[in-house]
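The values are calculated or read from the model by the stated rules, or taken from the named source; none is laboratory data. All figures in this text were calculated on a predicted structure; none of them were measured in a lab. Don't worry about glycine lacking a Cβ; one is built from the backbone with ideal geometry, like all the others, and counts go over all protein chains shown. Accessible surface areas use protein heavy atoms only, side chains included; no ligands, DNA or RNA. Shrake-Rupley method; radii C 1.70, N 1.55, O 1.52, S 1.80 Å.
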Amino acid sequence: MSGRRISRRQIVQGSLMASVLAGTGAFFGPWKHNRVWAQGARPIKLGLTCDASGQFGASGRDDLLGMQLAIGEFNARGGVLGRKVEWITADTETNPATATRVAERFIAQEQCAFLIGAVHSGVANAITQVAAKTGTIYMNTNSSAPSEAGENCSRIKFVWDGNGTNFSKAAVRNAVERIGKRWLLLTNDYVWGHSTSASTKALVEAAGGQVVDNLLVPQNTRDFTSYLLKVQQLRPDVIATAIGGDDLKALRQQVADLRLEERAAWINNQQDWPDVWGAPETLFGVFGTTWYHKLQLPGVEDFIKRWQAAFPRSPIPVPGNVSYNGYMATRELLRTVEKVGSTNNTRIIRALEGLKMSAADRMQHHDAYIDPVTHQVQQTIYLARRNTKPADPTDLFEILTQTAPENALDDAAPGKCKLTPFEQLPTYEM
């Protein structure tokens with residue numbers, strides 16, 4: 001094979017021509033109008049890959065609101081590079097196969113310049129595989145498996161959430177020393193659960209603790225009786241969960257019903273705001289998050305007001321960590337397009353690698369940055385628990401600690417991440 005660089009246009013045209021020759025479709029793409037687009041007449045189109053159903057449907061819908069807010073704010077100021085920002089979305093259904101089809105359509109048929117979204121890490125990895133073929137930049141907003149910035153990293157993907165290792169490092173050592181050494185793991189049986197629990201186990205053992213068992217829980221489990229009986233039999237000091245979405249809602253309710261939160265310490269790796277809203281009475285244990293709407297920091301109050309003005313009928317009245325990540329990922333992508341003065345993918349990727357973001361600009365306690373080796377945003381990690389003295393009906397969390405990025409780093413990720421060299425990356429400008 002020659003070292004000639006293949007552009008996104010060539011790849012897309014080739015795949016579409018193949019479908020035409022096979023009699024399965026026709027190409028009506030607008031490549032012939034490239035001269036007009038270069039003058040700024042063509043909008044910049046974003047493909048928002050968000051779950052609207054399945055295990056992470058609630059979080060996917062909240063993620064979408066954050067993206068829409070950022071896009072609306074740029075358009076209100078005249079767009080980006082004098083071009084309106086448009087978006088399209090489709091339900092990825094918390095399903096990697098569906099996500100693959102959505103990503104392919106967004107790139108090949110809808111001509112999206114960038115992809116943004118995902119909560120489920122299997123969905124995120126499926127989108128990554130599609131986007132990498134054409135060099136399409138992909139902002140993974142809310143998938144928190146350590147593998148997303150490790151073995152499944154990509155030159156085209158940027159990971160905006162804290163991962164399971166970040167949250168575990170903020171919590172595990174302190175819990176081993178102060179609570180107890182016998183730990184039980186409850187793990188969703190897919191990539192996020194596996195990689196998060198593996199990280200937790202390594203940290204527990206490094207701190208002198210012991211994992212007495214790791215119970216694998218299939219996705220979409222609603223009856224946790226057999227698992228909770230095992231918890232009662234083993235009587236661990238600490239139960240660490242890597243259970244997400246609707247599964248976590250069901251688990252929390254059953255633990256609360258059985259009052260098991262009183263018999264052992266529980267550490268829930270991360271609690272996403274859409275999974276908590278509507279059931280505060282089931283919230284227990286210590287858990288992680290990357291942002292909270294009651295942080296006493298500059299910009300937080302104004303952000304909440306803008307979000308509420310944009311979405312007055314939202315079933316959740318305030319933004320949470322998921323919507324926050326969607327907003328930040330979209331905002332920084334569009335800012336970077338403005339900064340480089342182009343939609344050229346390689347120029348944008350180079351500008352994002354190592355990008356520094358101030359604490360004040362991100363409404364967190366510590367400055368953040370995009371790791372140039374793994375493409376993960378290194379940021380403040382918060383530990384919280386249920387707030388027993390809420391200031392208002394939305395004040396569900398009590399923030400216990402805030403950990404600086406350097407103290408929560410996933411040390412294993414750089415050794416696992418292998419980014420495609422730039423000279424092998426398909427290039428495009430839309």
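When restricted to residues that are assigned to a helix (DSSP H, G or I) and of a type in the set (Lys, Arg), region 153-175 contains 2. Taking the conditions (1) open to solvent by less than 20 Å² (accessible area, probe 1.4 Å); (2) within 24 Å of His120 (Cα to Cα) in turn, Pro317 satisfies each one other than (1). Taken over region 340-354, the residue count meeting the criterion of being in a loop (DSSP other than H, G, I, E, B) and within 18 Å of Pro421 (Cβ to Cβ) is 3.
Looking across region 296-314, the residues that are in a loop (DSSP other than H, G, I, E, B) and either farther than 23 Å from Thr49 by Cα or without any contact (Cβ under 8 Å) to a residue 24 or more places away in the chain (or both) come down to Gln296, Leu297, Pro298, Gly299, Pro312, Arg313. Restricting region 329-345 to residues that are open to solvent by 10 Å² or more (accessible area, probe 1.4 Å) and in contact with an Asp or Glu (Cβ under 9 Å, 6 or more places away or on another chain) leaves a set whose member that is farthest from Gln296 (Cα to Cα) is Asn344. Scanning region 153-180 for residues that are over 18 Å from the mean Cα position of the chain (by Cα) and at pLDDT 95 or above gives no hits.
Starting from residues that are of a type outside the set (Val, Ile, Thr) and part of a loop (DSSP other than H, G, I, E, B), keep the ones in region 285-295 and report whichever is farthest from Ala256 (Cα to Cα). Residue satisfying both the conditions and the ranking: Leu295.
Does at least one position in region 285-294 carry a residue that is touching a Cys at 6+ places or on another chain (Cβ under 9 Å), open to solvent by less than 10 Å² (accessible area, probe 1.4 Å) and either at pLDDT 95 or above or not aliphatic (A, V, I, L, M) (or both)?
No, there is no match, as no residue in region 285-294 is touching a Cys at 6+ places or on another chain (Cβ under 9 Å), open to solvent by less than 10 Å² (accessible area, probe 1.4 Å) and either at pLDDT 95 or above or not aliphatic (A, V, I, L, M) (or both).
When you check Lys133 against the structure, is it surrounded by fewer than 24 Cβ atoms within 10 Å (Cβ to Cβ), modelled with pLDDT under 95 and either within 26 Å of Arg42 (Cα to Cα) or of a type outside the set (Val, Ile, Thr) (or both), yes or no? Spelling it out, it is not the case that Lys133 is surrounded by fewer than 24 Cβ atoms within 10 Å (Cβ to Cβ), modelled with pLDDT under 95 and either within 26 Å of Arg42 (Cα to Cα) or of a type outside the set (Val, Ile, Thr) (or both).
Going residue by residue through region 226-246, is there one that turns out to be of a type in the set (Ser, Thr, Tyr) and under 20 Å from Thr165 (Cα atoms)? First the steps, then the outcome.
Looking only at region 226-246, we keep the residues that are of a type in the set (Ser, Thr, Tyr), and these are 226-227, 241.
Those left that are additionally under 20 Å from Thr165 (Cα atoms): 241.
Yes - at least one qualifying residue is present in region 226-246.
Residues that are among the hydroxyl-bearing types (Ser, Thr, Tyr), touching a residue at least 12 places away in the same chain (Cβ under 8 Å) and open to solvent by 50 Å² or more (accessible area, probe 1.4 Å) do occur in region 418-426, at least one of them. Counting only residues that are without any contact (Cβ under 8 Å) to a residue 60 or more places away in the chain, farther than 25 Å from Gln219 by Cα and either touching a strand residue (DSSP E or B) at 6+ places or on another chain (Cβ under 7 Å) or buried (at least 20 other Cβ atoms within 10 Å of the Cβ) (or both), region 63-106 holds 7 of them.
For residues that are open to solvent by less than 40 Å² (accessible area, probe 1.4 Å) and assigned to a loop (DSSP other than H, G, I, E, B), scanning just region 372-402, find the one that is farthest from Lys133 (Cα to Cα). The residue in question is Asn387. Just a yes or no: is a residue in region 336-350 under 19 Å from the mean Cα position of the chain (by Cα) and in contact (Cβ under 8 Å) with a residue 24 or more places away in the chain? Yes, that holds for at least one residue.
Looking only at residues that are of a type in the set (Ser, Thr, Tyr) and outside any helix (DSSP H, G or I) in region 42-62, which one is surrounded by the fewest Cβ atoms within 10 Å (Cβ to Cβ)?
Filtering first and then ranking leaves Ser53.
Within region 217-232, being surrounded by 15 or more Cβ atoms within 10 Å (Cβ to Cβ) and closer than 28 Å to Pro96 by Cα holds for Val217, Gln219, Thr221, Phe224, Tyr227. Among the residues of region 267-284, just one is open to solvent by 10 Å² or more (accessible area, probe 1.4 Å), at pLDDT 90 or above and not in a loop (DSSP other than H, G, I, E, B), namely Ile267. Considering Tyr369, Tyr324, the condition of being surrounded by fewer than 23 Cβ atoms within 10 Å (Cβ to Cβ), aromatic (Phe, Trp, Tyr) and either part of a loop (DSSP other than H, G, I, E, B) or at pLDDT 95 or above (or both) is satisfied by Tyr369 alone. Residue-level check: of (1) crowded, with 21+ Cβ neighbours inside 10 Å; (2) more than 22 Å from Ser144 (Cβ to Cβ), Arg306 misses just (1).
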